[in-house]
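*Asks:* Below: one structure in structure tokens.
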Amino acid sequence: MWQKRELLSFPRPSSRVVLALTSVIASGTERRLAFVYRHLIRKAPDGYLLLVTPELFSVLNRGGYRLDGLPNVHLLGGRSPFDRKAGAHATWWVNVGRMFTLQRYSQELRRWIERGHATLIHLYLEMVPYHALFPLREVPAITAVVDHLPKYFDPRTLDCQLLLRAIRHSWKADCLYPPQARRLAALGVDRQKLNDPGRNCVNHEAFHPEEKCQSVTFSARAIDWKLPDLMPRVAEIVLRKHPDTMFHLLGKGPLVDLMEREIAMRRLEKNVKVGYREDPSSLINRSLVHVSLDRYDNFTNQSLLEGMASGCAIVASDVGETGHVVTPEVGRLAHPSAEAVAESILELLSNPKAAMAMGRAAREKVLREHHVDDYVEYMLALHDLTRSEPIVGGEISPTPRGNGDHG
């Protein structure tokens, strides 16, 4: 089912599709889209326009994505003075202030549309709830569904209601992986609107195997459901048996201070380093083991795929659909507890030859099943205004021209 397809030939966008990234930080979605955009414009040089915030533009450039060297990349304007948002998750009053900035961005989008530079807009992250409240009706819109948290699929929550409303105002929904589409269908969303690529992709160019050393990497936002608070205890257990191992805990967020206190209390500062890197590839590429944790699902985790692309043996929390990606030949699934994660790491460190073989298999799996070429073909078909049939599990079949229904 997941075998890499030969590249197909579908109608390319006849005018520009606007991809709108309005974030203030570069999480997995922003990194994925920056990489995908580079390959999209190779297939459709004049078919796309990428709008990004100045903050995101700078972060992605420093992270090696080189947006400043790509065509049709434009910076959105300045933020509202009422906007104090600094990360992906903020208090409600900070998000209210953010709405003033999103209003500015919406006006900019409308100007691009009025100039005739866009026939379709693809909205991500913050622009999705904004579109729910203040829909952009001038051209067809696609709502990207990238979150897997339960609150987005619980009709009792405001998050779910906003997502459903945004999809109602949209021509299509772009789900990052199949379970999201199934959950939305169960909530009554028209299945004809629901599309998914089957599998995520990753920057396999920046993340590639280098000579391995005795190190373990963990890269994630320091937020509750990514379980970073487990890692100091994990490191303590592992270092008792392998005291020469280095741990690099990469990321930033509200739990960083807690992690640093735990590391200091356990006197692990020599072997456990905490910090954010805009380009973590130099550390992950040389790591023997890469850890990816999530309370709910690792299936689409960019950090997980980055570790696999880097040729690391993987340890991942055994939740959701993760087992479809982390199979026995590429790593180990573990119960999301410090003891279980540490036990899996110890197994790999105790047999480095087997761990390196897993890393090679992980890299091959990424190139075979998570290749950007497949994702680009999905995007090109998704943006074809003549298509009426949904794309399910990444399976694309040609649609006769003239059957499009923009809703």
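*Asks:* So Gly275 ticks every box in (1) at pLDDT 95 or above; (2) open to solvent by 10 Å² or more (accessible area, probe 1.4 Å) but one. Which box is left unticked?
*Replies:* Here Gly275 meets the rest and fails (1).
*Asks:* Further question on the same structure: In region 152-165, which residue that is under 20 Å from the mean Cα position of the chain (by Cα) and under 30 Å from Arg111 (Cβ atoms) is modelled with the lowest pLDDT? Talk me through it step by step, then tell me what you get.
*Replies:* As a first pass, look at region 152-165 and keep what is under 20 Å from the mean Cα position of the chain (by Cα): 152-153, 159-160, 163.
If we keep only those that are under 30 Å from Arg111 (Cβ atoms) too, we end up with 159, 163.
Details: Asp159: 95, Leu163: 98.
This residue is Asp159.
*Asks:* Only one residue in Ala44, Ala26 is touching a helix residue (DSSP H, G or I) at 6+ places or on another chain (Cβ under 8 Å), among the small types (Gly, Ala, Ser) and within 18 Å of Glu306 (Cβ to Cβ). Which one?
*Replies:* Ala26
*Asks:* Quick one: in region 338-376, of everything that is open to solvent by 30 Å² or more (accessible area, probe 1.4 Å) and touching a strand residue (DSSP E or B) at 6+ places or on another chain (Cβ under 9 Å), which residue is nearest to Gln214 (Cα to Cα)?
*Replies:* Once the filter is applied, the top-ranked residue is Pro352.
*Asks:* Here's another thing I want to ask about it. May I ask you to list the residues in region 235-257 that are of a type in the set (A, V, I, L, M, F, W, C) and over 25 Å from the mean Cα position of the chain (by Cα)?
*Replies:* Once the filter is applied, which keeps residues that are of a type in the set (A, V, I, L, M, F, W, C) and over 25 Å from the mean Cα position of the chain (by Cα), region 235-257 yields Ala235, Ile237, Val238, Leu239, Met246.
*Asks:* Additional query: Which of the residues belonging to region 39-57 are in contact with an Asp or Glu (Cβ under 9 Å, 6 or more places away or on another chain) and not aromatic (Phe, Trp, Tyr)?
*Replies:* Across region 39-57, the qualifying residues are His39, Lys43, Leu51, Val52, Leu56.
*Asks:* Which of (1) assigned to a helix (DSSP H, G or I); (2) under 19 Å from the mean Cα position of the chain (by Cα) does Leu51 not meet, given it meets every other one?
*Replies:* Of (1) assigned to a helix (DSSP H, G or I); (2) under 19 Å from the mean Cα position of the chain (by Cα), only one is false for Leu51: (1).
*Asks:* Within region 289-334, how many residues are outside any loop (DSSP other than H, G, I, E, B) and open to solvent by 10 Å² or more (accessible area, probe 1.4 Å)?
*Replies:* 5
*Asks:* Looking at region 202-224, is at least one residue touching a residue at least 40 places away in the same chain (Cβ under 8 Å), open to solvent by less than 10 Å² (accessible area, probe 1.4 Å) and out of contact with any strand residue (DSSP E or B) (no Cβ under 6 Å at 6 or more places or on another chain)?
*Replies:* Taking every residue of region 202-224 in turn, at least one turns out to be touching a residue at least 40 places away in the same chain (Cβ under 8 Å), open to solvent by less than 10 Å² (accessible area, probe 1.4 Å) and out of contact with any strand residue (DSSP E or B) (no Cβ under 6 Å at 6 or more places or on another chain).
*Asks:* Given the conditions (1) closer than 21 Å to Met358 by Cα; (2) crowded, with 24+ Cβ neighbours inside 10 Å; (3) free of Cβ contacts under 8 Å to residues at least 40 places away in the same chain; (4) in contact with a Lys or Arg (Cβ under 8 Å, 6 or more places away or on another chain), and given that Leu249 satisfies all but one, which numbered condition is not satisfied?
*Replies:* Looking at each condition in turn, Leu249 falls short on (1).
*Asks:* Run Gly64 past the list (1) modelled with pLDDT of 90 or more; (2) part of a loop (DSSP other than H, G, I, E, B); (3) touching a Leu at 6+ places or on another chain (Cβ under 9 Å) and report the number of the one that doesn't hold.
*Replies:* Result: Gly64 fails condition (3) only.
*Asks:* Restricting attention to region 335-354, which residues are closer than 16 Å to Glu236 by Cβ and outside any helix (DSSP H, G or I)?
*Replies:* Ser337
*Asks:* Okay, next question. Have a look at Leu50, Leu33, Leu21 and point out the one that is open to solvent by less than 10 Å² (accessible area, probe 1.4 Å) and either at pLDDT below 90 or out of contact with any helix residue (DSSP H, G or I) (no Cβ under 9 Å at 6 or more places or on another chain) (or both).
*Replies:* Result: Leu33 is the single residue among Leu50, Leu33, Leu21 that is open to solvent by less than 10 Å² (accessible area, probe 1.4 Å) and either at pLDDT below 90 or out of contact with any helix residue (DSSP H, G or I) (no Cβ under 9 Å at 6 or more places or on another chain) (or both).
*Asks:* Here's a follow-up. Name every residue in region 165-201 that is open to solvent by less than 50 Å² (accessible area, probe 1.4 Å), in contact with a Pro (Cβ under 9 Å, 6 or more places away or on another chain) and among the polar types (S, T, N, Q), in order of residue number.
*Replies:* Scanning region 165-201 gives Ser170, Asn195.
*Asks:* With the structure loaded, tell me whether Ser337 is among the polar types (S, T, N, Q) and touching a residue at least 60 places away in the same chain (Cβ under 8 Å) or whether it fails that test.
*Replies:* Yes.
*Asks:* Kindly indicate the residue of region 130-151 that is in contact with a helix residue (DSSP H, G or I) (Cβ under 6 Å, 6 or more places away or on another chain) and open to solvent by 50 Å² or more (accessible area, probe 1.4 Å) and also modelled with the highest pLDDT among those meeting that condition.
*Replies:* Result: Lys151.
*Asks:* Hey, among the residues in region 81-111 that are at pLDDT 90 or above and of a type outside the set (D, E, K, R), which one's farthest from Trp171 (Cα to Cα)? Steps first, please.
*Replies:* Here is the first cut: in region 81-111, the residues at pLDDT 90 or above are 101-111.
Adding the requirement that they be of a type outside the set (D, E, K, R) leaves 101-103, 105-107, 109.
Working: Thr101: 25, Leu102: 21, Gln103: 21, Tyr105: 20, Ser106: 18, Gln107: 20, Leu109: 17 Å.
Selected residue: Thr101.
The values are calculated or read from the model by the stated rules, or taken from the named source; none is laboratory data. This structure is a prediction, so every number in the text was calculated from the model and none was measured. Glycine also receives a Cβ, built like all others from the backbone with ideal geometry; neighbour counts cover every protein chain displayed. Areas reflect the complete protein model, heavy atoms only, side chains present, ligands, DNA and RNA absent. Shrake-Rupley method; radii C 1.70, N 1.55, O 1.52, S 1.80 Å.
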